[in-house]
Amino acid sequence: MSISIVTGDGKRSSERAEAFGDRLASRTAGMKASVLREILKVASQPGVISLAGGLPAPESFPVDFMPELIAKVLKKYGPAVFQYGPTEGFPPFREILAGYLAERGVKATADEVIVTTGSQQMLDTLGKVLISPGDKVAVESPTYLGALAAFNPYQPNYVAIDSDDDGVIPESLEEILAAGSVKFVYLIPNFQNPSGRTIPADRRKAIAKSVIRYNALLIEDDPYRALRYEGNHLPTIWSMAPDNVVHAGTMSKVLSPGLRLGFSVAPALIRRWMVLAKQGIDLHTSSFDQALAAEYIAEGYLERHLPRIVDLYRPRLRAMLDSLEEFFPDSFSWSKPQGGMFVWATGPEGLDTDKLYAKAIERKVAYVPGQYFFSSPGVGKNTMRLNFSNVGEEAIKTGIKTLAWLMAEASS
């Protein structure tokens, strides 16, 4: 891509922009434009039914009581929320997060909680302080595209952990850890992005035993835990191996992604280096946004609002699963999550969902081809990620019916 700039004499010169290519750091070789962001540019066009994004529904945002919440924050904290703050996080928010985390089985003090500018910053800081070029990082297969984007500039070598319909297979992880030299393991245990899979309790116990046995470090990224529409919550892996796990969460799915609030609990040494890395990135996360989130939890807004979010998403998931059952070819299979935002569909060998994407867009339906969620090139060409959280039930049915026609035509 050619970049055009304005020179001192007023002329645009792509040549002068490209002339600085030799100044770029070698790590930029691992920095690519987000495939998902490029897809979303097309998917957001008027008239397109987008099953592509991982976006919360705008109806899920607490707009109706936000003025009241803002007024409480200003009255309670005053000018302090507009001042520089501690890198670790706004102290009242960290106190409240400690209680919030305890409810999910992560028993940490406020001093052990770090607030980041979204969980994406958490992934970047971990990559920065842990990964040297060539280090091995074990990831699910498939895995979260944003994690790969965060880690790639630090030039790791990925090791794919075998997975099935229940997520990571513990025996595969055991073999990888036994072989040694893995810097860390990255997992999303609940309603995984992109697959929607949840790791069962017995596998979590086996994973915890393995990371303890080999003194491995595991990043437990848990952004979707609260979005459970049926069944019971499962224990965190952190609760079984607290000395070996970085547990991370976010307010993006239960408050607002625009506020950019992530949080994590990590072993002491890792936590200290994460803070140092964050100091060089942004000094600290927005104090005002943290104060809003603190009052959102402390004053019971989250407790009252979360059921509305669940009631909004539950029928959308059901509409997608019912539509897949009704319309998709018998040659396809798909995940059947009890929560989260995604369904993962797998077609017959030989199908290329990336090539079919352009035809889907012509028919005003978008999805994400699955191959981009794998750490190894060429894997997962017959898969796709489907999002249901940001689309109404009727649009979901129409979109799935359209895709089914395309997939049947391509598979015949």
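The numbers here are math on the coordinates, done by the rules we state, and not lab data. Please read all numbers here as calculations on a predicted model, not as lab measurements. Cβ placement follows ideal geometry from the backbone for every residue including glycine, while neighbour counts extend to all protein chains displayed.
A few comments on the model shown:
- Length-normalised contact order of the chain in % [C-alpha pairs under 8 Å, at least 6 apart]: 22
- Neighbourhood charge, 10 Å Cβ-Cβ cut-off, centred on Gly399 and excluding it, Lys, Arg +1 and Asp, Glu -1: +3
- Distance histogram in 10 Å bins (all Cα pairs of the stretch 80-299, percent per bin): 8, 36, 38, 16, 2, 0
- In a simple Cβ point-charge model (Lys, Arg +1; Asp, Glu -1; nothing else charged), the stretch 80-299 has a dipole of about 300 debye relative to its Cα centre.
- Cα shape, the stretch 338-412, gyration tensor, a/c 1.5 rule: oblate
- Close Lys pairs in the stretch 28-180 (alpha-carbon distance under 21 Å; sequence gap of 8 or more, or different chains): 4.
- For the stretch 52-210: span of alpha carbons on each principal axis (Å, largest first): 56, 33, 33
- Per residue convex hull volume, Cα atoms of the stretch 123-206, in Å³: 84
- Pairs of Cα atoms nearer than 8 Å and 6+ residues apart set the relative contact order; for the stretch 45-141 it is 18 percent.
- Proxy reagent accessibility, fewest Cβ within 10 Å first, across Met66, Met31, Met384, Met122: Met31, Met66, Met122, Met384
- Taken about its Cα centre, the stretch 194-311 carries a charge dipole of about 460 debye when Lys and Arg each add +1 at the Cβ and Asp and Glu each add -1 at the Cβ.
- Charge tally in the Cβ shell below 10 Å around Asn152, where Lys, Arg are +1 and Asp, Glu are -1, Asn152 excluded: +2
- Extent along principal axes [Cα atoms of the chain; Å; largest to smallest]: 65, 62, 53
- Prolate/oblate/rounded label for the stretch 259-384 (Cα gyration tensor, a/c 1.5): oblate
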